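Q: I am attaching a structure below and will ask some questions about it afterwards.
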Amino acid sequence: MRTLIITLAVAASVAAVGCKRKPVLGTARVEVRAVKALDVTCPLVLDATREGGLDEGRYVVPTEAERRAIREAVSLLLDGGAETRSRARDVARAASYEIVDVPEKGAVLLREAGKKRGGGAYLIRPGTAAKVYIQAPHTFYDEGTLPLACELFERAHGGALFINTAHRYKSAAQLPGGHYPADVAHARDSLFQAATEGLLRARPKSTVVQVHGFGERESATGAVVLSAGVRTPGHPVVARVALALSRVIDGGVLRFPDDHSELGATTNVQGAIVRESGGQFLHIEMAAPLRRDLLGNPTVRANVMATLADAMEGA
């Protein structure tokens, strides 16, 4: 079966349910249905990994040995078993990482130990057979992304949740040529990319979805832009998710390149390696007004996230 990795750049927290039709402020319409109440809050230990992520100089480019250690640790944790988990702990030390239990989520957290260097944090359900894997690579720049990622992690029965822990622009100086080392969605030498490689090693035929947030000054006229990371129109996963979300979101669900020519994630490095592995990639951009609506209305948020999770089940 295919696996679905999702990288988010939007936001939310605890969901509520309802049975009346209720519009979202300005941008969304939801035909509210009964949605199961879940504990969708983010674990405190995961949120704590982002402390200091806005500091200048926080991000340090990892060594190849550190990237290799994270790649192997993630793969071992996904394989599951007490013996492989013990090996993962030993391997993670080579990257100055540690593994802590997060029992309320049935998961473990692979996090930096000691001095933080913006290497990311990786919440993993060991031995999972899940189809859905969630990533949030811009939790500072795309404001509010972490809580929505946590909600989708629960609603989609996710096998892992990967997040960044340093601001994509502020935590490391821009390099010649315009590259930002801490922009992990575009940095091939990051630990975030190494963790994704470890995920693909354990779950090779994966469908990867990254969801980002775009600002009000950017060119998209819709509430959501969906892309497979390629310039070929008519992608089936994009079409299926667009159809599902259009039932609950007003303001336009646009497909790249079919309906919109930008925000297509054609340079996203996680997307590239997923396609190379034989998987598929889906990139979701949400407009700032929609993200604000989702943050402010738990009932609507629950319905949108549940709809997205249901659509991903068929990917």
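The values are calculated or read from the model by the stated rules, or taken from the named source; none is laboratory data. Since we're looking at a predicted model, the values are computed, not measured. No Cβ is skipped: glycine too gets one built from the backbone with ideal geometry, and neighbour counts run over all protein chains shown.
Q: Name the residue, out of Arg85, Arg111, Arg117, that is in a helix (DSSP H, G or I) and either basic (Lys, Arg) or surrounded by fewer than 15 Cβ atoms within 10 Å (Cβ to Cβ) (or both).
A: Numbers: Arg111 fails: in a helix (DSSP H, G or I); Arg117 fails: in a helix (DSSP H, G or I).
Of Arg85, Arg111, Arg117, the one residue that is in a helix (DSSP H, G or I) and either basic (Lys, Arg) or surrounded by fewer than 15 Cβ atoms within 10 Å (Cβ to Cβ) (or both) is Arg85.
Q: Then there is this: Among the candidates Asp189, Asp183, which residue alone is more than 18 Å from the chain's Cα centre (by Cα) and under 20 Å from Tyr169 (Cα atoms)?
A: Numbers: Asp183 fails: more than 18 Å from the chain's Cα centre (by Cα).
From the options Asp189, Asp183, the qualifying one is Asp189.
Q: With (1) more than 30 Å from Leu77 (Cα to Cα); (2) in contact with a strand residue (DSSP E or B) (Cβ under 9 Å, 6 or more places away or on another chain) as the list, and Val211 as the residue in question, which single condition is left unmet?
A: (1)
Q: For Leu226, indicate whether it is in a strand (DSSP E or B), at negative phi and at pLDDT 85 or above. Break it down stepwise before answering.
A: Details: in a strand (DSSP E or B): yes; at negative phi: yes; at pLDDT 85 or above: yes.
In short, yes.
Q: Only residues that are outside any loop (DSSP other than H, G, I, E, B), more than 18 Å from Ala195 (Cβ to Cβ) and touching a strand residue (DSSP E or B) at 6+ places or on another chain (Cβ under 6 Å): list them for the range 153-173, please.
A: none
Q: Quick check on this structure: which one of Ala187, Ala272 is closer than 29 Å to Tyr59 by Cα and either among the polar types (S, T, N, Q) or outside any loop (DSSP other than H, G, I, E, B) (or both)? Talk me through it step by step, then tell me what you get.
A: Working: Ala187 fails: either among the polar types (S, T, N, Q) or outside any loop (DSSP other than H, G, I, E, B) (or both).
The match here is Ala272.
Q: Next up: Does at least one position in the range 159-173 carry a residue that is closer than 15 Å to Gly118 by Cβ and without any contact (Cβ under 8 Å) to a residue 24 or more places away in the chain? Break it down into steps so the answer makes sense when it comes.
A: Initial filter on the range 159-173 (closer than 15 Å to Gly118 by Cβ): 162-173.
Next cut, without any contact (Cβ under 8 Å) to a residue 24 or more places away in the chain only: 173.
Yes, some residue in the range 159-173 is closer than 15 Å to Gly118 by Cβ and without any contact (Cβ under 8 Å) to a residue 24 or more places away in the chain.
Q: In the range 33-82, what residues are under 18 Å from Phe162 (Cα atoms), hydroxyl-bearing (Ser, Thr, Tyr) and part of a loop (DSSP other than H, G, I, E, B)?
A: Matches in the range 33-82: Thr41, Thr49, Tyr59.
Q: Could I ask something else about it? Which numbered condition trips up Glu98, out of (1) surrounded by 14 or more Cβ atoms within 10 Å (Cβ to Cβ); (2) touching a residue at least 40 places away in the same chain (Cβ under 8 Å); (3) not in a loop (DSSP other than H, G, I, E, B)?
A: Checking Glu98 against (1) surrounded by 14 or more Cβ atoms within 10 Å (Cβ to Cβ); (2) touching a residue at least 40 places away in the same chain (Cβ under 8 Å); (3) not in a loop (DSSP other than H, G, I, E, B), the one that fails is (2).
Q: Taking the conditions exactly as written (farther than 27 Å from Gly144 by Cα, surrounded by fewer than 18 Cβ atoms within 10 Å (Cβ to Cβ) and not hydrophobic (A, V, I, L, M, F, W, C)), does Ser75 satisfy them or not? Write out each step before concluding.
A: On the way: farther than 27 Å from Gly144 by Cα: yes; surrounded by fewer than 18 Cβ atoms within 10 Å (Cβ to Cβ): no; not hydrophobic (A, V, I, L, M, F, W, C): yes.
No; evaluated as a whole, the condition is false for this residue.
Q: Right, here's the next one. For the range 201-208, does any single residue satisfy the condition of being in a loop (DSSP other than H, G, I, E, B) and surrounded by fewer than 16 Cβ atoms within 10 Å (Cβ to Cβ)? It would help to see each step written out before you state the result.
A: Pass one, the range 201-208, residues in a loop (DSSP other than H, G, I, E, B): 203-205.
Subsequent filtering for residues that are surrounded by fewer than 16 Cβ atoms within 10 Å (Cβ to Cβ) retains 204-205.
Within the range 201-208, one or more residues are in a loop (DSSP other than H, G, I, E, B) and surrounded by fewer than 16 Cβ atoms within 10 Å (Cβ to Cβ).
Q: Something else about it: How about the range 159-200: which of its residues are closer than 27 Å to Ala287 by Cβ and surrounded by fewer than 20 Cβ atoms within 10 Å (Cβ to Cβ)?
A: Selection gives Tyr169, Lys170, Gln174, Gly178, His179, Tyr180, His186.
Q: Same structure, new question: Can you spot a residue in the range 146-155 that is within 27 Å of Thr266 (Cα to Cα), acidic (Asp, Glu) and over 14 Å from the mean Cα position of the chain (by Cα)? Break it down stepwise before answering.
A: To start, the set of residues in the range 146-155 that are within 27 Å of Thr266 (Cα to Cα) comprises 146-153.
Applying the additional criterion that residues be acidic (Asp, Glu) yields 151.
Okay, now just the ones that are also over 14 Å from the mean Cα position of the chain (by Cα), so none.
No; the residues of the range 146-155 include none that is within 27 Å of Thr266 (Cα to Cα), acidic (Asp, Glu) and over 14 Å from the mean Cα position of the chain (by Cα).
Q: Does Gly120 satisfy the condition of being in contact with a strand residue (DSSP E or B) (Cβ under 9 Å, 6 or more places away or on another chain), modelled with pLDDT under 95 and not charged (D, E, K, R)? Outline the logic, then answer.
A: Numbers: in contact with a strand residue (DSSP E or B) (Cβ under 9 Å, 6 or more places away or on another chain): yes; modelled with pLDDT under 95: no; not charged (D, E, K, R): yes.
When the stated conditions are applied, Gly120 does not pass them.
Q: Report, by residue number, each residue of the range 59-72 that is surrounded by fewer than 19 Cβ atoms within 10 Å (Cβ to Cβ) and either touching a Cys at 6+ places or on another chain (Cβ under 9 Å) or charged (D, E, K, R) (or both).
A: Quick first cut of the range 59-72, residues surrounded by fewer than 19 Cβ atoms within 10 Å (Cβ to Cβ) only: 60-61, 63-65, 68.
Correct list: Glu64, Arg68.
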